[in-house]
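Report on the structure given below.
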Amino acid sequence: MHRVCGRANFHPAFTGRDSDVQYKTAYVLAMKLREAMAAEVRGTVIGGEGVDVEVGGCYVGGYVRPENRKEDRKDRRRAENQSGKRQVVVVARERGGKTVTMVFGSEEEGASFIKARVDRESTVHADEAAGWNALHARFAMKRINHQEAYSADGACTNHAESYFARLRRAQWGQHHRISGKYLARYAAEMAWREDRRRESNGEQFRAVGFRSGALPPSVDWCGYWQRAKAA
């Protein structure tokens, strides 16, 4: 179990092998633990007067494999040649504090999430993406153009980018593919890991264990495989 909750592999294949249970059992266990991690910041409003909060978006999924022959390839930048499955993980990260995430179809849709989960007295840092323009009406904003610099005039989103780096490494190196249906759960897990990255494996284990024990039976995962089989 320490391999499940610690810094090692948090993947059903490894969990099942280490714990000597079926893949299905390990899969549901892993998802319930992710649910417990997400519950730690459920409904939390971050930031406050004099606090800097960094926001950003990271597009995940929807990859379209190019055709083998060059003459058969299409411009994948055009909407008609895309899969329609691409989603954006929106993050709001308090410097020295907590991280909250949610998944949307675009950064513009994520602006309402930022307004709801960030205290209006906060100073919000964002890049030059047009999706964040709507935040100016509510927050004191600092914008950074990443084509010119990563930090300038007090504006910086490196903490948000650090979170995205962890999410990408988990996607590429561990999971390889994350279903869009469960992307929000994986995003919340990576936020939890980023916030607790300086804690020992034992502290992380206890935090997840206590949180899991305090939660009621999961609505999503209680009887999951029975429902899937019936469908």
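The values are calculated or read from the model by the stated rules, or taken from the named source; none is laboratory data. The shown structure was predicted, so the numbers you read here are calculated from the model rather than taken from an experiment. Ideal geometry is used to build each Cβ from the backbone, glycine not excepted, and the neighbour counts take in all protein chains shown. The area values use the complete protein model at the heavy-atom level, side chains included, leaving out ligands, DNA and RNA. Shrake-Rupley method; radii C 1.70, N 1.55, O 1.52, S 1.80 Å.
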**Request:** Work out the charge dipole of segment 49-134 with +1 on the Cβ of Lys and Arg and -1 on the Cβ of Asp and Glu about the Cα centre, then indicate which of ALA126, PRO66, GLY105 is farthest towards its positive end.
**Result:** PRO66
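Can you compute the charge dipole magnitude of segment 25-132 about its Cα centre, using +1 on each Lys and Arg Cβ and -1 on each Asp and Glu Cβ, nothing else charged? Give it in debye, rounded to the nearest 20.
Working: 19 positive and 18 negative charges, 133 e Å.
The calculation lands at about 640 debye.
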**Request:** Give the distance, in whole Å, between the Cα centre of segment 178-200 and the Cα centre of segment 54-110.
**Result:** 17 Å
**Request:** Over 22 Å, how big is the tail of the calculated P(r) for segment 129-231, in percent of all Cα pairs?
**Result:** 57 percent
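Given 0.36 nm per residue, what is the gain on full extension from LYS74 to GLN174 after removing their alpha carbon distance, in nm?
Numbers: separation 100, 0.36 × 100 = 36.00 nm, distance 3.00 nm.
Here the segment from LYS74 to GLN174 would lengthen by 33.0 nm.
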**Request:** Grab the chain and count how many Lys pairs have their alpha-carbon atoms under 23 Å apart, sequence gap of 8 or more, or different chains.
**Result:** 12
**Asked** Using unit Cβ charges (K, R positive; D, E negative) and no other charged atoms, how large, in debye to the nearest 20, is the dipole of the chain about its Cα centre?
**Response** 1020 debye
**Message:** Taking every alpha carbon pair in segment 144-183, what does the distance histogram look like in 10 angstrom bins from 0, in percent?
**Reply:** 26, 36, 24, 13
**Request:** Can you tell me what the convex hull of the Cα atoms of the chain projects to on average, as an area in nm²?
**Result:** 15.9 nm²
**Item:** Heavy-atom surface of the chain, accessible at 1.4 Å and reported per residue (Å²)
**Value:** 58 Å²
**Fill in**
Of all DSSP beta bridges with both partners in the chain, the antiparallel percent, nearest 5, is 65 percent
**Prompt:** Looking at ALA207, TYR23, SER162, which one has the Cα that reaches farthest to the positive end of the dipole of the chain (charges on Cβ: Lys, Arg +1; Asp, Glu -1)?
**Reply:** TYR23
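What's the FRET efficiency of ALA134 with GLU49 using the Cβ-Cβ distance as r and R₀ = 30 Å, to the nearest 0.05? Don't skip to the answer; put the middle values down first.
On the way: r = 22 Å, r/R0 = 0.73.
With a Förster radius of 30 Å, E is 0.85.
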